[in-house]
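Accompanying notes for the structure given below.
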């Protein structure tokens, strides 16, 4: 496994450039799996959940490609948006899907998917809703949970 570290400023356009790289890696992995007869489920057809990175590990310190998301059964906003944008491109549903980075009201940044028609999709929110429906736990409680991934701690 190759672990890549890139030091960049936390500027949305710069992070979107990194996100594009993650999307392209995920598309390549989807093509690789397809060539070998491995069927990858749609992100929303899995039981993958949204989990925040703990303080100090936000953003790209531990961005995961779809293999990491699937093996961990979780991802944060850039992991999930990178998976979903790649899925939309790979299936042909939306070849222009991309990850966008926007400021939040909590002085942070959040990754979502912008479709070719300009509509916005938030995989983190979709998966939080699905998990809440499965478990009966409130979305507000689920959204506070941190990842248990310790690969890069």
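Below is a table of values for the structure above.
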| item | result |
| --- | --- |
| Scan of segment 64-79 for residues that are within 14 Å of residue 18 (Cα to Cα) and crowded, with 23+ Cβ neighbours inside 10 Å, ordered by number | 64, 77, 78, 79 |
| Top-ranked residue in segment 104-120 [being touching a strand residue (DSSP E or B) at 6+ places or on another chain (Cβ under 6 Å) and closer than 19 Å to residue 63 by Cβ; ranked as surrounded by the fewest Cβ atoms within 10 Å (Cβ to Cβ)] | 104 |
| Filter result (within 30 Å of residue 141 (Cβ to Cβ) and free of Cβ contacts under 8 Å to residues at least 60 places away in the same chain) within segment 19-56 | 40, 41, 42, 45, 46, 55, 56 |
| Helices (runs of 4 or more DSSP H) fully within segment 68-144 counting 3 or more residues that are farther than 13 Å from residue 51 by Cβ and in contact with a helix residue (DSSP H, G or I) (Cβ under 6 Å, 6 or more places away or on another chain) | 77-91 |
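Residue by residue, here is whether (1) more than 18 Å from residue 110 (Cα to Cα); (2) loosely packed, with under 15 Cβ neighbours inside 10 Å; (3) at pLDDT 90 or above holds:
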| site | (1), (2), (3) |
| --- | --- |
| 9 | no, yes, no |
| 19 | no, no, yes |
| 25 | yes, no, yes |
| 34 | yes, yes, yes |
| 53 | no, no, no |
| 56 | no, yes, no |
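Quick grid of which residues meet (1) in contact with a strand residue (DSSP E or B) (Cβ under 6 Å, 6 or more places away or on another chain); (2) within 17 Å of residue 128 (Cβ to Cβ):
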residue	(1), (2)
74	yes, yes
81	yes, yes
86	no, no
96	no, no
101	yes, no
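The values are calculated or read from the model by the stated rules, or taken from the named source; none is laboratory data. As the structure is a computational prediction, the values presented were derived from the model and not from experiment. Please note: Cβ atoms are built from the backbone with ideal geometry, for glycine as well, and neighbour counts cover all protein chains shown.
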